[in-house]
Amino acid sequence: MKKGRKAGEAEGREEGDERSRAGRRRRRRKGTALLVTGLALVLAGLMTLAGVFAYIHYTNRRAASAQQELFRAWEERPLSPGEDEVAVGDGIARLIVPRIGLDAIVVELWGLDDSENLKRGPGHIPETAYPGEEGNCVISGHRTTYGAPFRHIEQLEPGDEIILETAGHRFIYLVYGQKIVSPSDLSVLEQEGEPKVTLTACHPWYSAAQRIVVMGELATSEDLAGGSP
């Protein structure tokens with residue numbers, strides 16, 4: 001009898017050990033599966049991030065090439081819009097904003113949805129004033145892709161200069177305000193009043209949910225030939 005009980009106890013211990021080992025194996029398999037899943041998710045995230053950076057790099061190179069061509073054309077034949085005939089895609093002014101280190105040629109757009117020309121640089125919205133004219137000169141630009149010329153316009157403060165140069169004149173505007181509006185708010189295109197400039201871009205970064213708008217008023221104008229305008 002004692003031998004039988006001992007044998008039964010030994011068999012029970014073996015069964016318990018086997019169940020314990022099986023439990024540990026299941027936990028290891030579960031842990032391995034979770035680890036593999038986690039690594040796969042991390043890898044997918046890294047690949048997505050790499051894709052985003054590659055796309056931004058590609059668009060930046062494309063915009064830089066377009067700006068080089070625009071600057072070459074500008075040096076050969078700068079325009080005075082309002083006096084010279086302007087076609088869609090032409091460079092209509094040189095935009096300089098010292099505070100954010102911006103120096104770019106502004107291109108003429110065919111409309112608010114002219115995404116192709118906007119990829120080449122800041123774009124002048126048609127039917128808004130040209131530099132120096134009465135009314136509101138509205139210029140749109142990218143903040144995250146295609147060179148991101150307006151990436152840091154949120155840093156502009158009252159009194160900062162926004163300079164627009166045409167073939168014959170340099171117009172210096174001073175920032176007087178900044179606001180965030182919805183994409184459907186077309187009040188930024190209003191033309192009444194003294195000469196102004198409006199810079200507008202998507203807001204916040206990597207989103208088109210809103211628009212950031214920076215406004216400036218004309219302070220001085222200079223004749224690039226050395227006289228008065």
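Details
- Extension gain (nm, one decimal) between residue 77 and residue 57, 0.36 nm per residue minus Cα-Cα: 4.2 nm
- Relative to the current alpha-carbon distance between residue 210 and residue 96, full extension at 0.36 nm per residue lengthens the span by 38.6 nm.
- Here the Karplus curve 6.51 cos²θ - 1.76 cosθ + 1.60, taken at θ = phi - 60°, turns the phi angles of segment 174-179 into couplings of 10, 4, 10, x, 8, 7 Hz, with x standing for Gly and Pro.
- The slack between residue 219 and residue 194, meaning 0.36 nm per residue of separation minus the straight C-alpha distance, is 7.9 nm.
- Sorted by Cβ density within 10 Å, fewest first, the residues 179, 119: 179, 119
- Net charge of the neighbourhood of residue 123, taken over other residues with C-beta under 12 Å away and scored Lys/Arg +1, Asp/Glu -1, is -3.
- Projecting the Cα atoms of 96, 216, 164 onto the charge dipole of segment 61-223 (Cβ charges, centred on the Cα centre) puts 96 farthest toward the positive pole.
- Only Lys, Arg, Asp and Glu carry charge here, each on its Cβ (+1 for the first two, -1 for the last two); on that basis segment 61-223 has a dipole of about 960 debye about its Cα centre.
- Hypothetical label at residue 103: residues of segment 145-172 whose amide nitrogen lies under 12 Å (7 Å Cα-Cβ projection): none
- Residue 195 sits among other residues whose Cβ lies under 11 Å from its own Cβ, and their net charge, with Lys and Arg +1 and Asp and Glu -1, is -3.
- Summing +1 for each Lys or Arg and -1 for each Asp or Glu among the other residues whose beta-carbon sits under 13 angstrom from that of residue 76 gives -1.
- Dipole of segment 61-223, positive direction: furthest Cα of 64, 173, 188, with charges on the beta-carbon: 64
None of the figures in this text is laboratory data; all of them are computed from the coordinates on show. In this text, all values refer to a predicted model and were calculated from it rather than measured experimentally. Counting neighbours? That spans all protein chains shown, and the Cβs are built from the backbone with ideal geometry, glycine included.
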